[in-house]
Amino acid sequence: MKIAFLDAVHDSIKTSFVELGWDVQEWFDLSRDEIKEKLFELDGIILRSRIKMDSDFLQHAKKLQFIGRPGAGLENIDSDYCKHKGIKVFRSPEGNRDALAEHATGMLLMLFNNLKRADNEVREGKWRREENRGHELMGKTVGIIGYGYMGEAFAKRLAGFQVKLIAYDKYKSGFGDGVVKEVSLEELKLNADVISLHVPLTDETSGMVCEDFLRSLSHPIYLINTARGPVVQTRALIDALRSGKVLGACLDVFEQESSSFESVHETKKIMQELRDADSVVLSPHIAGWTHESKEKMAKFLIEKITAEFGSQ
């Protein structure tokens, strides 16, 4: 088996493959076109997000058996084409769900307690207690859209805060338990004080949180997005922040991100508007990005790939 690593990942993946006797190549510095010319050689690919795997690209992979991505999202991989061609696609959301859940919880607490502003003010020599009086999570209703690995992990973190947890998932049912109540999207919009997004980026979810979505909410809410940037239309969010329809937002991902997640496009100065907003907490797509999660994502990915191909 000849396997190419297109991005740097945890060393344990390469070590495991070498121990199986596989021919492991590191193609970190090759361009997309250069990789395309060599795809016919490969039985497997390991990548993060640097290279987009669309059908035009993958048609050159004549004997490819699998693609593995340590992480959750697969929007850079044409999964339908892979299924049609019998190419297995592996991911490992089990590995970073805990880190993402902790990060989202931390951002929410930071927002509710004005910690971003308070920290800056204390560093500037300002001591403003009343102006930084916060809100408690206890008693609030938190609505989770998308109840997969990430949504469920986030719910478990919040359960100890004595909040009411409700969740909606278009493609999953029967998940209600003692922690979370399964509801319709309409019921979630009606009751949630906080809405947290945990959906994959698809044609259906792209731009899901738009002007119409925000207008349909029954009362002002706080918004968390640790899923994918394009799920939220940034202009609609900024307008809702200004009008008071959204009281505050926690954003780890951005509509303006590059497909590799390594930078943002400074289009129309919209990112500056987010940076200037006092009621917004920002981070650079690092929810789920811990030392522990890097190792765990690799571990789960190794287990899945070797279970399928370890004897080859």
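The values are calculated or read from the model by the stated rules, or taken from the named source; none is laboratory data. For clarity, every value in this text was computed on a predicted model and none was experimentally measured. Glycine gets a Cβ as well: all are built from the backbone with ideal geometry, and neighbour counts include every protein chain shown.
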*Any residue in the stretch 82-104 that's in contact (Cβ under 8 Å) with a residue 60 or more places away in the chain and over 29 Å from Ser283 (Cα atoms): show its pairings with residues that are hydrophobic (A, V, I, L, M, F, W, C) and outside any helix (DSSP H, G or I) at Cβ separation under 6 Å, as long as the two are six or more apart or on different chains.*
Lys88/Phe66
*Scan the stretch 168-184 and give yes if some residue there is in a strand (DSSP E or B), of a type in the set (A, V, I, L, M, F, W, C) and surrounded by 14 or more Cβ atoms within 10 Å (Cβ to Cβ), otherwise no.*
no
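Scan Ala159, Ala167 and give me the residue that is among the small types (Gly, Ala, Ser), touching a residue at least 12 places away in the same chain (Cβ under 8 Å) and out of contact with any strand residue (DSSP E or B) (no Cβ under 6 Å at 6 or more places or on another chain).
Ala159
When the stretch 242-258 is examined, which residues are found to be part of a loop (DSSP other than H, G, I, E, B) and within 16 Å of Lys269 (Cβ to Cβ)?
Scanning the stretch 242-258 gives Phe254, Glu255, Gln256.
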*asked:* Suppose we filter the stretch 235-263 for residues that are out of contact with any strand residue (DSSP E or B) (no Cβ under 9 Å at 6 or more places or on another chain) and buried (at least 19 other Cβ atoms within 10 Å of the Cβ); how many remain?
replied: 1
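Each row is one residue, and each column tells you yes or no for (1) modelled with pLDDT under 90; (2) part of a helix (DSSP H, G or I); (3) under 20 Å from the mean Cα position of the chain (by Cα); (4) under 21 Å from Asp193 (Cβ atoms).
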residue	(1), (2), (3), (4)
Ser218	no, no, no, yes
Ala240	no, yes, no, yes
Ile270	yes, yes, no, no
Leu274	no, yes, yes, no
_Residues located in the stretch 281-297, provided they are touching a residue at least 60 places away in the same chain (Cβ under 8 Å) and more than 19 Å from Tyr149 (Cβ to Cβ)_ = Val281, Ser283
*Hand me the list of strands (runs of 3 or more DSSP E) wholly inside the stretch 1-118 holding 2 or more residues that are crowded, with 21+ Cβ neighbours inside 10 Å and modelled with pLDDT under 95.*
none
*For the stretch 119-166, name all the residues that are among the charged types (D, E, K, R) and assigned to a strand (DSSP E or B).*
Lys164
*Taking Met297 as meeting all but one of (1) surrounded by fewer than 18 Cβ atoms within 10 Å (Cβ to Cβ); (2) closer than 30 Å to Lys14 by Cβ; (3) modelled with pLDDT of 95 or more, write down the number of the exception.*
(1)
